[in-house]
Amino acid sequence: MTELTVRSVAEFDLQRYLGLWFEVGRLPLRFEDDGARDVTAEYSLDDDGTVQVDNRCLDESGEPVQALGRAVPDEGHPGRLRVTFLPAALRWIPFTEADYWVLKVDGDYRHALVGTPDRRHLWLLSREAEMPTDTEAEFLTEARAQGFELGAWIRPAQSGRRVEV
């Protein structure tokens with residue numbers, strides 16, 4: 001049997017990827033409540049070419065949570081970024097960045113599947129708060145084809161609003 005490898009997209013347009021995304025689903029994360037809702041990620045380009053990451057949600061108790069990070073594109077591999085959520089003053093510490101690979105994105109940049117090469121993290125994102133069932137199935141089929149186990153898949157509740165912090 002052939003070992004499955006995780007593959008990022010062969011072509012990727014960072015400018016089209018920027019903006020607000022709603023989390024349709026994810027694998028459990030140690031830094032996010034399983035019951036978190038209204039989860040969004042907004043990406044914007046900084047003057048130095050890095051990407052500001054602004055993650056927001058309501059935690060299980062309904063409190064707003066925000067995590068600000070920075071991503072650095074991997075020029076040699078389209079669709080791959082290195083992300084850190086450490087405070088800016090601590091970002092010099094080595095080995096504190098995580099892989100963030102775009103595994104699938106539709107031609108209109110309306111839906112995206114993002115994961116890590118170790119298969120521990122996976123997110124399904126959409127420009128809208130809801131994703132058509134057939135589109136979700138198509139993207140999750142790709143996740144399974146790349147070896148992701150989806151038994152613990154979480155679908156957060158989405159109101160369609162961005163959390164204010």
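Summary of values
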read-out: Pick from the stretch 92-148, criterion charged (D, E, K, R) and within 14 Å of LEU27 (Cα to Cα), ranking: surrounded by the fewest Cβ atoms within 10 Å (Cβ to Cβ); value: ASP118
read-out: Set GLU23, GLU63: member being of a type in the set (D, E, K, R) and touching a residue at least 12 places away in the same chain (Cβ under 8 Å); value: GLU23
read-out: The one condition in (1) in a loop (DSSP other than H, G, I, E, B); (2) among the small types (Gly, Ala, Ser); (3) over 15 Å from the mean Cα position of the chain (by Cα) that ALA137 fails to fulfil; value: (1)
read-out: Residue satisfying all of: in the stretch 97-110; touching a strand residue (DSSP E or B) at 6+ places or on another chain (Cβ under 6 Å) and in contact (Cβ under 8 Å) with a residue 40 or more places away in the chain; farthest from GLY151 (Cα to Cα) among these; value: VAL105
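Any read-out appearing in this document is the output of simple, stated calculations on the displayed coordinates, not a laboratory observation. Quick caveat, the model's predicted, so the values are computed rather than measured. FYI the Cβ positions are ideal-geometry reconstructions off the backbone, even for glycines, and counts take in every protein chain you see.
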